[in-house]
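*Asks:* Once you've had a glance at the structure underneath, I'll fire off some questions.
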Amino acid sequence: MKVLVANLGSTSFKYRLFEMSAGEEQVLAEGGYERVEDYGAVITDALETMEKSGAVSSRDDIGAVGFKTVLGRNLSGCVDADEKVLDALEGFAEVAPAHNPAYAAGIRQFREILPSARAVALFETAFYQWMPEAATRYAVPEAWHKAGIRRYGFHGASHKFIAERSAELLGREDVAAAARGLYQNGPVDVDQPLRVISCHLGGSSSVTGIRNGAAIGTSMGFSPQSGLPQNNRVGDLDSGAIPYASKALGLSMAEIERQLTKESGLIGVSGVSNDLREVKKAHDAGDPKARLAVDVLVHETRRWASSFLFPLGGLDAFTFTAGIGENNPWLRSAVCEGLEEFGVKIDDERNNSCKGVEGEISTPDSKVKVHVIPANEELVLAREVFRKLTSN
Ligand code: ADP
């Protein structure tokens, strides 16, 4: 079956076409457009390009289109991208303003232009559906909770891939199978627990605790604005700071929101860049603000990772993924520093030679296995869509 994965940003459209079968996963075509104003035009162009190149014999050759939707009001999971999905995306448009309106527009266009393909949405929140209620409930008044203000979690496709892949790397086929079937079967018990902490460190970052293939807690909360400091976004912030900043700095709510989403995180602390490569250069040149930005990122990664140790009751694997996690041995080493007591021992040579590829970077005698696992969210989408279509 040919599965097209559509990645929609507020002004971008990227796609990847997969051939999926029980024993085969192959990329047939990929492409993208920037500065998009009319999704319909670029979707039509992408379909024509795929037809011309022979990746598809005709449009009808595409069995399904998968959308990595971010969050929906009162809806999550891997579901048909129907009116309910559109309502859910629009209901939370202001919580994910860069993504929800784009996905709603893209889904509408796809359904019109490619009616023969099954449209499926995999919400980034889906991986967190089975988290304990205590891990999702904010201690807000009931009315706030009822309005949908709770911890949802994001980067679900990425962390789900880690759940599957880390179990495979540890030779735990029972847990790998449980992780693969999570959206069809929910969490399942296994004889011996497998406990993983997954660090997705990239343009935006999150840390998730995973037991037996299912999430038990995560650093991102109600919106992708929370948890670790991100490229331009603040991460966790005391709610008391907002009314105070409004008065003390004379800022409107819109301006507060702009500064916390565009001028915070790595760029906010370093004043240098929102890209860790540039911040690291300034750090190495002795820039104190850049040093602090790096220290804050490392501190927050460690703080969040450690917060899952007690709920998990121990640790078997610690993983790094996404642009920062895959490519920066120095940062992985800083995150894992002094953790021998907890069974985490990094092998410097293995760590330093592992960039952008999969690898085990712990010492052979490390009780906790530390892995680098390259993110591949498009493949996760294609797999989930394929699983959904072949399981019901
Ligand atoms: P996004 O979350 O936007 O998909 P990425 O996962 O690519 O972004 O992460 C972007 C971050 O990863 C940037 O801060 C960048 O510095 C870092 N990064 C990406 N590639 C490299 C690399 N080759 N070496 C060092 N850092 C990298």
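*Asks:* Counting only residues that are within 27 Å of Leu201 (Cα to Cα), give me the helices (runs of 4 or more DSSP H) lying completely in segment 94-172 with at least 1 of them.
*Replies:* Numbers: elements: 100-113, 133-136, 142-146, 156-169.
Correct list: 100-113, 133-136, 156-169.
*Asks:* Suppose the filter is within 16 Å of the ligand (Cβ to nearest atom) and either surrounded by fewer than 22 Cβ atoms within 10 Å (Cβ to Cβ) or modelled with pLDDT of 95 or more (or both); does Gly359 pass it?
*Replies:* On the way: within 16 Å of the ligand (Cβ to nearest atom): yes; either surrounded by fewer than 22 Cβ atoms within 10 Å (Cβ to Cβ) or modelled with pLDDT of 95 or more (or both): yes.
Here the answer is yes, as Gly359 does meet what is asked.
*Asks:* Listed residues Thr49, Thr44; which is farther than 26 Å from Gly156 by Cβ and touching a residue at least 40 places away in the same chain (Cβ under 8 Å)? Even if it seems obvious, please write down each step before you answer.
*Replies:* Numbers: Thr49 fails: touching a residue at least 40 places away in the same chain (Cβ under 8 Å).
Unique residue meeting the criteria: Thr44.
*Asks:* Just the residues that are free of Cβ contacts under 8 Å to residues at least 60 places away in the same chain, touching a strand residue (DSSP E or B) at 6+ places or on another chain (Cβ under 6 Å) and surrounded by fewer than 20 Cβ atoms within 10 Å (Cβ to Cβ), please, taken from segment 100-150.
*Replies:* Hit for segment 100-150 is Arg111, nothing else.
*Asks:* So, one more: Of the residues that sit in segment 273-291 and are in contact (Cβ under 8 Å) with a residue 12 or more places away in the chain and under 25 Å from the mean Cα position of the chain (by Cα), which one is farthest from Ala96 (Cα to Cα)?
*Replies:* Of everything passing the filter in segment 273-291, Lys280 is farthest from Ala96 (Cα to Cα).
*Asks:* Can you confirm whether Val380 is closer than 30 Å to Gly63 by Cβ and either over 25 Å from the mean Cα position of the chain (by Cα) or within 16 Å of the ligand (Cβ to nearest atom) (or both)?
*Replies:* Numbers: closer than 30 Å to Gly63 by Cβ: yes; either over 25 Å from the mean Cα position of the chain (by Cα) or within 16 Å of the ligand (Cβ to nearest atom) (or both): yes.
When the stated conditions are applied, Val380 passes them.
*Asks:* If I ask for residues that are farther than 20 Å from His155 by Cβ and under 20 Å from the mean Cα position of the chain (by Cα), which ones from segment 1-14 would you list? Let's see the steps before the verdict.
*Replies:* Taking segment 1-14 as the starting set, the residues that turn out to be farther than 20 Å from His155 by Cβ are 1-4, 11, 13.
Passing the criteria: Leu4, Thr11, Phe13.
*Asks:* I need the full set of residues from segment 269-288 which are under 18 Å from Leu228 (Cα atoms) and within 10 Å of the ligand (Cβ to nearest atom), in order please. Explain how you work it out, then say what you get.
*Replies:* Step one: list which residues in segment 269-288 are under 18 Å from Leu228 (Cα atoms), which gives 269-271, 273-277, 279-280.
Scanning segment 269-288 gives Ser273, Asn274, Asp275, Leu276, Arg277, Val279, Lys280.
*Asks:* May I pose another question? Which condition breaks for Gly313 when tested against (1) more than 12 Å from the ligand (Cβ to nearest atom); (2) surrounded by 15 or more Cβ atoms within 10 Å (Cβ to Cβ); (3) touching a residue at least 24 places away in the same chain (Cβ under 8 Å)?
*Replies:* Just one mismatch for Gly313, condition (2).
Residues are listed down the side, and each one gets a yes or a no for (1) among the basic types (Lys, Arg); (2) under 22 Å from Gly221 (Cα atoms); (3) away from the ligand (no atom under 16 Å from the Cβ):
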| site | (1), (2), (3) |
| --- | --- |
| Asp238 | no, yes, yes |
| Leu249 | no, no, yes |
| Thr261 | no, yes, no |
| Ala290 | no, no, no |
| Arg302 | yes, yes, yes |
| Ile324 | no, yes, no |
| Trp330 | no, no, no |
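*Asks:* List the strands (runs of 3 or more DSSP E) inside segment 1-60, counting only whole elements, that have at least 1 residues being loosely packed, with under 14 Cβ neighbours inside 10 Å.
*Replies:* On the way: elements: 2-8, 13-21, 24-33.
Those strands (runs of 3 or more DSSP E) span 13-21, 24-33.
*Asks:* Moving on. Take the residues of segment 274-291 that are surrounded by 15 or more Cβ atoms within 10 Å (Cβ to Cβ) and of a type in the set (A, V, I, L, M): which is nearest to Pro329 (Cα to Cα)?
*Replies:* This residue is Leu276.
*Asks:* Considering every residue within segment 173-193, establish whether at least one is under 20 Å from the mean Cα position of the chain (by Cα), of a type outside the set (Val, Ile, Thr) and assigned to a strand (DSSP E or B).
*Replies:* Within segment 173-193, none of the residues are under 20 Å from the mean Cα position of the chain (by Cα), of a type outside the set (Val, Ile, Thr) and assigned to a strand (DSSP E or B).
*Asks:* On the basis of being within 16 Å of Thr319 (Cα to Cα) and within 14 Å of the ligand (Cβ to nearest atom), does Leu266 make the cut?
*Replies:* Numbers: within 16 Å of Thr319 (Cα to Cα): no; within 14 Å of the ligand (Cβ to nearest atom): yes.
So Leu266 does not fit the description; no.
*Asks:* Then there is this: For the condition modelled with pLDDT of 95 or more and either under 30 Å from Ile149 (Cα atoms) or not aromatic (Phe, Trp, Tyr) (or both), what is the one hit in Glu24, Glu30, Glu37? Break it down into steps so the answer makes sense when it comes.
*Replies:* Working: Glu24 fails: modelled with pLDDT of 95 or more; Glu37 fails: modelled with pLDDT of 95 or more.
Just a single option satisfies the conditions, and that option is Glu30.
The values are calculated or read from the model by the stated rules, or taken from the named source; none is laboratory data. For clarity, every value in this text was computed on a predicted model and none was experimentally measured. Note that we place each Cβ from the backbone using ideal geometry, even for glycine, and neighbour counts take in every protein chain shown.
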